[in-house]
Amino acid sequence: MKTRHRALKLDGIPHWVTPDDVRRMAERAKAEGILDVRLHSQDGLPTGKASIEFATSLQTKRAASLLNNAQISAVPITVTGFEHGAHKPFSRRGKMDPAAFGSRLGLAGANAPATTVIYGFPRKFTVVDVRTFLEDYRLTTWGIAREAFVPLMNSNWQARWAVHLDSLSDAHRLARHLHMKRFSFGDGGERTLGARVLYSQDESSASLPART
């Protein structure tokens, strides 16, 4: 298999992983010359696809053999092809502008370093209910309560909320703990929650202090 491309396309990436997780997976498989990793998103949500850029096309070719059926958290990864290396390094954070959600993300949406979207809550959940549900996770939220916890959608049976956080690590930690896990909500019965991480467009916002 010949290639002059310097980036490898992957599929089957679990939504909760970070670019560093993908890099570590590749390094465990003995891939060399990794320059950067990019997680692909659509409308602010992970697609399960990623790209790894290498220093040379030869290293890319070798990595294609090493990484096919490699695993992250026991989930097998598939190599789907090659692509040209970026003119500048891929973003390590796989950024996607939360503006894709319009004004629904609320006042803090454009400035929060990271946001986790949680869906599957009982339809009548309020901001107090969401805060109470999440208090054991000891998260540092971005902004005051009415800005940090934002309702996105209520259907006939579930509610979706955005939680604006002060760090991307908190956002990923929350998604890992909640996604596809079942919780009891009293009269609301048992429900399986879903969670996705959004990314701030402003790279520098990650270093801003949380507002109180």
Given backbone amide H placed at 1.01 Å from N, residues whose amide H is under 5 Å from that of Trp142, ignoring those fewer than 5 places away on the same chain, are His164, Leu165, Asp166
Computed D for region 7-83, Stokes-Einstein, Kirkwood radius over alpha-carbon pairs, 37 °C, 0.692 mPa s, to the nearest µm² per second, is 272
Most exposed first, judged by fewest Cβ atoms within 10 angstrom, Asp21, Asp136, Asp11 run Asp136, Asp11, Asp21
Counting only residues 5 or more apart in sequence or on a different chain, those whose built amide H sits under 5 Å from that of Leu198 are Thr115, Thr116, Val117
Taking the alpha-carbon centre of each part, the distance from region 1-77 to region 174-189 in Å is 30
Most exposed to least, judged by fewest other Cβ atoms within 10 Å, Val128, Val79, Val150 sort to Val128, Val79, Val150
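All of the numbers you see were taken from the coordinates with simple rules; none came from a lab. Remember, it's a predicted structure, so these values are computed and weren't measured experimentally. No Cβ is skipped: glycine too gets one built from the backbone with ideal geometry, and neighbour counts run over all protein chains shown.
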